[in-house]
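S.K.: What follows is a single structure, and I will ask about it in a moment.
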Amino acid sequence: MRSCAPSGKQAHPASRGGRERSIPSERTEREEDGGVRAEERALIERCRQHDLEAFDELVRLYERRIFNFALRLSGNHHDAEDITVETFIRVFNAIANFRGDATFSTWLFRIAHNVFLDMRKKERAHPHTSLQDVLELDESEVTRQVEDPAPLPERMAEDAELSQILRRAIDELPDYQKTMVLLYHTQNKSYEEIAEIMHLPIGTVKSRLNRARIALKSKLEPLRELFER
């Protein structure tokens, strides 16, 4: 992927991607609700001073998560790269306006979502979907936990197939539903954070996310036996 840093330096992707949503700890939620972490605050302050090394570090920390999010929204690597690059360019230009009222990641994902919407407005066309690209299996995004610590190849193939089926069902959702599902279930965003990212009331987020779940359930109902094996 091209570097997102305006300095022209190569930004290294983060070592781990987004996690599947699990039961959140109260401590983690309290930390996020508390706003920007101290180390992030220091890094952001350096970025405000146009410290390019600090910005490269910020890109390194978040580039992989933004790219994965953009990939699931756009459906192909090329657009995902463009969205990621444009997102961090906007971040670089607007970081002085970040007040820390919400977490930095919430602010960042809101920018990425706006970039995607702007791209859609310009293109006015459905993105080209390559199953080989979109359905690449990422260790951090496996949708079922395998209890066997050393799964057989057949079991691994089965899990990969189920993961692909679920991803395809998500990709068939309307853009606004797909965005909410991805933010909630793969990026661990709360209702409040999603509301801020998408500029919607919390009640609207909850109702639309519920409709997205109902739509997914109806799409996957014929395949119930596969998921219950």
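The values are calculated or read from the model by the stated rules, or taken from the named source; none is laboratory data. Fair warning: this is a prediction, and the values are worked out from it, not measured in the lab. For neighbour counting, all protein chains shown are included, and Cβ atoms are generated from backbone atoms with ideal geometry for every residue, glycine included.
S.K.: Could you list all residues from the stretch 49-96 that are part of a helix (DSSP H, G or I), over 19 Å from Arg110 (Cα atoms) and of a type in the set (D, E, K, R)? Spell out how you get there, then give the answer.
M.R.: As a first pass, look at the stretch 49-96 and keep what is part of a helix (DSSP H, G or I): 52-74, 77-96.
Filter again for over 19 Å from Arg110 (Cα atoms), leaving 52-54, 56-57, 77-78.
Glu53, Asp56, Glu57 - these are the residues of the stretch 49-96 that are part of a helix (DSSP H, G or I), over 19 Å from Arg110 (Cα atoms) and of a type in the set (D, E, K, R).
S.K.: Right, here's the next one. Among the residues in the stretch 36-55, are any exposed (fewer than 14 other Cβ atoms within 10 Å of the Cβ), modelled with pLDDT under 80 and either under 13 Å from the mean Cα position of the chain (by Cα) or within 20 Å of Leu183 (Cα to Cα) (or both)?
M.R.: Checked the stretch 36-55: no residue is exposed (fewer than 14 other Cβ atoms within 10 Å of the Cβ), modelled with pLDDT under 80 and either under 13 Å from the mean Cα position of the chain (by Cα) or within 20 Å of Leu183 (Cα to Cα) (or both).
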